[in-house]
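A short write-up of the structure that comes next.
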Ligand SMILES: Cc1ncc(COP(=O)(O)O)c(C=O)c1O
């Protein structure tokens, strides 16, 4: 097929840098700190089996097509879930999506023209970068430090931007970010919403990890801050998912947004998949209403906190002189910088030989990557595997200097 047969965006598209690591996962005995997978051992299989049985037995025919907006019963259940997170909504404020990845894709379709500017917290979730790249967006990197997006830098960049360099939106994962593990402080949350209102851009708040907190601290979602400033002109669109809390195989996510955004995203979704699988949605409702959701999250939080602490102490003990990192307060990821002058891609080659995987940080930058950085996920391997994985990593580090 001649290249020109493909659309401009797909003539030479780059695949997901993380999915490109998948072949290594089949290496026998590999320990992976690479993927963003929740732990399969924490899936509530019994609860989900009951939910599947109830879903199939429901008088509503969930083997039939459903409304593009999502099943009303699921949207009602999500209203309750949102209230528990501090977000006041009604069912008409919610669009059910096929994973939160689709919600982001719909936002990209509905808001962006080729060449539009988007600000991206950096390091950033690679599938967001990929989606923006394919849409032909221009991206400005907004650095993240230990308190999340650097709002002082953001304010500076905004104040220097001319009209065409102002963003349509900023993309951020403000709570237990993928990949940085950081959480945007309370003060920065207000500042970020204030800047969005002042300069007239939107905030895409991607929140798949917010419930996986290791502490009692609860920060208001950006969406709630935006709603309290001006309910009708809330600049925040909120995305979330059951992927990290129940099971990614359900492919159930959602978007909370003002009616004019939701209506357009619903139309965009009509041509994307008509509707999110009604059977998946019904399973999700049965599960959410079964009373097992919060106990299941509690179990996951305890286990992930243990895995994170195990990883942090093993890294401190064995690689304290070679790596700098901070412990996240929730979620699934730890971000690290190599301090001995080596780059993460070189380390990765030795890590593969030592049978352990991580993601070199370059995958998380739209451009000018910091090659000394890397992401570890502590969610999928258990504590024993984590200790062994860090041993192997230490072997890989030693090989760098031979
Ligand atoms: C920040 C972030 N957003 C969105 C997603 C996509 O999640 P979903 O499975 O809901 O599509 C992920 C998955 O890893 C993620 O880390």
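What is the calculated FRET efficiency for residue 92 to residue 218, with r their C-beta to C-beta distance and R₀ = 25 Å, to the nearest 0.05? It comes out at approximately 0.45.
Using Cα-only point scatterers and the Debye equation, what is log10 of I(q)/I(0) for the stretch 216-274 at each q in 0.13, 0.17, 0.20, 0.28 Å⁻¹, rounded to two decimals? Reported log10 I(q)/I(0), two decimals: -0.47, -0.74, -0.91, -1.09. One equal scatterer on each Cα of the stretch 157-307, no solvent, Debye formula: the resulting log10 I(q)/I(0) at q = 0.08, 0.11, 0.14, 0.16 Å⁻¹ is -0.28, -0.52, -0.83, -1.04.
Its residue count N sets the reference 2.2 N^0.38 Å, and the alpha-carbon radius of gyration of the chain equals 0.98 times that reference. In this rough spin-label picture, where each label sits 7 Å from Cα along the Cβ direction, the residue 388-residue 306 distance is 1.7 nm. Considering the stretch 296-402, its Cα convex hull presents a mean projected area of 6.8 nm². Taking 37 °C and 0.692 mPa s as the conditions, I'd like the Stokes-Einstein D for the stretch 2-106 in µm²/s, using the Kirkwood hydrodynamic radius from alpha carbon pairs. Answer from the Stokes-Einstein relation: 178 µm²/s. By the count of other C-beta atoms within 10 Å, a proxy for reagent exposure, 342, 296 are ordered fewest to most as 342, 296.
Residue order for 356, 110, fewest other beta carbons within 10 angstrom first, comes to 110, 356.
By DSSP, the beta bridges lying fully in the chain are antiparallel in about 55 percent of cases. Only helical runs count toward this figure. For the chain, summing -39,500 (n - 2.57) over DSSP H runs of n ≥ 4 and dividing by all residues gives -13000 deg cm²/dmol at 222 nm.
Going by neighbour counts of Cβ atoms within 10 Å, the residues 316, 350 line up, fewest first, as 316, 350. Taking every alpha-carbon pair under 8 Å whose residues sit at least 6 apart, the chain reaches a relative contact order of 24 percent.
Read-outs: derived from the displayed coordinates by stated rules, not from any lab. As the structure is a prediction and not an experimental result, all values here were calculated from the model. Backbone-built Cβ (ideal geometry, glycine too); neighbour counts: all protein chains shown.
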